[in-house]
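The values are calculated or read from the model by the stated rules, or taken from the named source; none is laboratory data. Quantities reported herein were computed from a predicted structural model and do not represent experimental measurements. Every residue, glycine as well, gets a Cβ built from its backbone with ideal geometry; the counts of neighbours run over all protein chains shown.
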């Protein structure tokens, strides 16, 4: 961690929790600060299932990428709000299937940028760019995106556990529609986000995270909100579900202690 701090400390406010670093801590990573760990611990008091939820979220991402590469021949992935590198990242999964697979990672956390570029230093088919993933036009016009992604061929756009970081005012549904509009027929959309049927819990967590991250948060939503992201698309089996049940490899994954909130979503194809 010390080397990364030297590279990025002038850009990182260590007094404000980062969603990417909180997630890193939940997964057992070391690229986080005391303020991130404290935020996670407080969050876990409200929602005891938070750590297994994070682990299942990562496993969903890995399964979705592998299945899209193996079964649907997808060779291009754009990962919006990718977070810190961990085990079996998108490029590692897809490039095991085809070394020519191309991957773009997008995140606005400077620590993600530093770690990502170090990891990908000798990988010509992968790039990490520091950007706000709401800036669709800027991302599609980015030199690395234009270099690596051929928009005449299908692309998988990933929004894995990130849309709850966008406020209603910024309209995550409009963001998803704009990305899909720019992708060719046969492309795929992978989405999940935090949802809950408990209004009081939705409000409590959303308020806490918004305050902790100084406004870098949207809200916990409901399943109906997530379903609308997929309007007009062909949803793959088993549909939109709690993500640990989306094509599981086995029954051995970590179980949520409770279901006060879940990660809900799935995978769909653009006709």
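Once the stretch 73-89 is narrowed to residues that are modelled with pLDDT under 95 and touching a strand residue (DSSP E or B) at 6+ places or on another chain (Cβ under 7 Å), the residue that is nearest to residue 164 (Cα to Cα) is 81.
Filtering 67, 111, 104 for residues that are over 13 Å from the mean Cα position of the chain (by Cα) and within 26 Å of residue 240 (Cβ to Cβ) leaves a single hit, 67.
What residue, among those in the stretch 162-191 that are part of a loop (DSSP other than H, G, I, E, B) and free of Cβ contacts under 8 Å to residues at least 12 places away in the same chain, is nearest to residue 64 (Cα to Cα)?
Looking only at the stretch 162-191, we keep the residues that are part of a loop (DSSP other than H, G, I, E, B), and these are 162, 166-171, 183-187.
This time we only want the ones that are free of Cβ contacts under 8 Å to residues at least 12 places away in the same chain, so: 169, 171.
Numbers: 169: 29, 171: 25 Å.
It comes out as 171.
Residues of the stretch 23-36 that are more than 20 Å from the chain's Cα centre (by Cα) and surrounded by fewer than 16 Cβ atoms within 10 Å (Cβ to Cβ): 34 alone. Whenever a residue of the stretch 145-161 is farther than 15 Å from residue 91 by Cβ, its partners that are at pLDDT 95 or above and in a helix (DSSP H, G or I), lying with C-beta atoms within less than 6 angstrom and at least six residues away or across chains, give the pairs 157/179. Put simply, of 20, 39, 64 the only residue that is at pLDDT below 90, within 30 Å of residue 268 (Cβ to Cβ) and either buried (at least 23 other Cβ atoms within 10 Å of the Cβ) or in contact with a helix residue (DSSP H, G or I) (Cβ under 8 Å, 6 or more places away or on another chain) (or both) is 20. Looking across the stretch 213-249, the residues that are over 17 Å from residue 176 (Cα atoms) and in a strand (DSSP E or B) come down to 241, 242.
Within the stretch 4-17, the set of residues being modelled with pLDDT under 80 and closer than 18 Å to residue 213 by Cβ comprises 8, 11, 12, 13, 14.
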